[in-house]
Number of protein chains: 2
Amino acid sequence: MNIRVVLADDHKMILAALRSMLEKETDIAVVGEAGDGAALLELVARTMPDVAVVDIGMPGMNGIEATQRLLVGQPRLKVIALSAYSDKRFVLEMLNAGAKGYLIKASAGDELSRAIRAIAQGQTYLCPEVAGTIVDAARDKTSLTGHTGVNLGRREREVLALLAEGKSSSEIAARMHIAASTVEVHRRNIMRKLDLHSVAELTKYAIRQGLTSP
Amino acid sequence: MNIRVVLADDHKMILAALRSMLEKETDIAVVGEAGDGAALLELVARTMPDVAVVDIGMPGMNGIEATQRLLVGQPRLKVIALSAYSDKRFVLEMLNAGAKGYLIKASAGDELSRAIRAIAQGQTYLCPEVAGTIVDAARDKTSLTGHTGVNLGRREREVLALLAEGKSSSEIAARMHIAASTVEVHRRNIMRKLDLHSVAELTKYAIRQGLTSP
DNA sequence: AAACAAATCCCCGGTACCCGGTAATTTCCG
DNA sequence: CGGAAATTACCGGGTACCGGGGATTTGTTT
């Protein structure tokens, strides 16, 4: 019985490359590809796969949000997160969202098929780099017991996205039809929540989150 | 006669995936993989391939610098740039560096093999998105005739990298053992040269250049 | 030698960011 | 319903960014 897999990434070429890598495995069948979160939701509902390999950094709906929504409708689906970064926040958020596996793109190529098989059997698979961050986080149990603390509000995400575009507070205020002072409060709350202290760090976080493109 | 190809990308999994995609083509042989610019130089000198597929965003030596150095030693080598972005500056810099092809990762998967065949026959291959930016640039011929205007000095690149890390001017000054005022001059010169006007834009540019990781 | 670019340093002024606190309203969830 | 969170808004202060100018040294090019 083949393991039915769908792939989600915003780069078509990466999708095609991952597909041909997985097609070499006789026990794995790639039954669909999606370029963004919305397409992934539709694809999963239609094809009912066993495993979804989801890139975190996708435009529009990012991988974390897509995973949350996905598992509401398809609780039996197994999700493997695929990301360029092993950032602690992403790992925890993605696992909290319900992902059963986490790989970084710097992992060896054959780790993906091994992860798929492990996850399909109900196991959890983390690549070594990520496993390290998990045990670190387990030390200060606050970050595992509660949520990660990084739950930005809808408006805060909007502000963050515009900040990362290079917009000034007043420009953002005009765009969002609120006072500049409010924009500043949002920014400061974002910085406090994420423990970041400069526009550069905010920008990089927004890029990792998929809120804007580099 | 097979086309001998080497691949360079900082993500091992992407390398493996691209390799298995290309191995389906009977007339293309992948003879090596490199994870950064230095490894690519060594690999090319050792294997003497026909074509090098180079990701622009690599840590350490980025794809543009690697391409320049590569073509000094191996003028007959054909380089295909592979990037997540179709930014005008990168396209022009990469082509000026000597690349014969430019693909974005959002291109269709089979474009890579088509591009490799075209380049191996001495042609030039640009994906549609990039071709558009080229003709746009051709309109104001200044950007094609002369250099792209983006020739940052060594110190300017150092400042830019630290700025994109979230460091303040005084922190950068301490790190580089120069006065804070000098750091500010560098920053302003960078902004003027690149026509960017905020730390967020500088950060994104630095990321695209591979000067820092998101 | 002269011309030029790069890198270094300083001054000034304006603006926007960064951080602190306070507080009202709306929205969401137990 | 009641509390928590999100969203809205303002005040004030310090610092750093942003843009303009000028000046010197060094090294390269012509």
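The values are calculated or read from the model by the stated rules, or taken from the named source; none is laboratory data. None of the values given here were measured: they were computed from a predicted structure. With ideal geometry, Cβ positions are generated from the backbone for all residues, glycine too; neighbour counts draw on all protein chains shown. Ligands, DNA and RNA are excluded from the accessible area calculation, which covers all protein heavy atoms including side chains. Shrake-Rupley method; radii C 1.70, N 1.55, O 1.52, S 1.80 Å.
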Problem set entry | Filtered residues of region A:182-195 (kept if more than 8 Å from DNA strand C (Cβ to nearest atom) and of a type outside the set (D, E, K, R)) | A:T182, A:H186, A:N189, A:I190, A:L194
Seminar exercise, completed: When every residue in region B:82-99 that is within 25 Å of A:L15 (Cβ to Cβ) and more than 13 Å from chain A (Cβ to nearest Cβ) is compared, the one nearest to the chain's Cα centre (by Cα) is B:M94
Exercise. Can you name every residue in region B:14-27 that is open to solvent by less than 10 Å² (accessible area, probe 1.4 Å) and farther than 20 Å from B:R208 by Cα?
Worked result: B:A17, B:L18, B:S20, B:L22
Problem set entry | Selection status of B:A115, assigned by TED's automatic domain parsing to the domain that holds B:A84, modelled with pLDDT of 85 or more and either in a loop (DSSP other than H, G, I, E, B) or not aromatic (F, W, Y) (or both) | yes
Problem set entry | Pair list, Cβ under 7 Å, 6 or more apart: region A:180-201 residue closer than 20 Å to B:K167 by Cβ and within 14 Å of chain B (Cβ to nearest Cβ), other residue among the aromatic types (F, W, Y) and buried (at least 16 other Cβ atoms within 10 Å of the Cβ) | A:L194/A:Y205; A:L196/A:Y205
Exercise. On the given criteria, is B:L103 at pLDDT 80 or above and over 12 Å from the mean Cα position of the chain (by Cα)?
Worked result: no
Problem set entry | Considering residues of region B:205-214 that are farther than 10 Å from B:L160 by Cβ and open to solvent by less than 20 Å² (accessible area, probe 1.4 Å) only, the residue nearest to the other protein chains (Cβ to nearest Cβ) | B:I207
For this session: Please find, among B:K12, B:K24, the residue that is charged (D, E, K, R), over 24 Å from B:Y85 (Cβ atoms) and within 14 Å of chain A (Cβ to nearest Cβ).
Result: B:K24
Exercise. Limited to region A:55-71, what total is found for residues that are crowded, with 18+ Cβ neighbours inside 10 Å, within 14 Å of another protein chain (Cβ to nearest Cβ) and not charged (D, E, K, R)?
Worked result: 4
Exercise. Does B:V183 satisfy the criteria of being among the aliphatic types (A, V, I, L, M) and either over 26 Å from A:F90 (Cα atoms) or more than 23 Å from the chain's Cα centre (by Cα) (or both)?
Worked result: yes
For this session: Go over the candidates B:V159, B:V199 one by one and state the one that is over 18 Å from A:A206 (Cα atoms) and either near DNA strand C (Cβ under 9 Å from one of its atoms) or modelled with pLDDT of 85 or more (or both).
Result: B:V159
For this session: Determine whether region B:35-49 contains at least one residue that is in contact (Cβ under 8 Å) with a residue 12 or more places away in the chain, buried (at least 20 other Cβ atoms within 10 Å of the Cβ) and farther than 25 Å from B:Q209 by Cα.
Result: yes
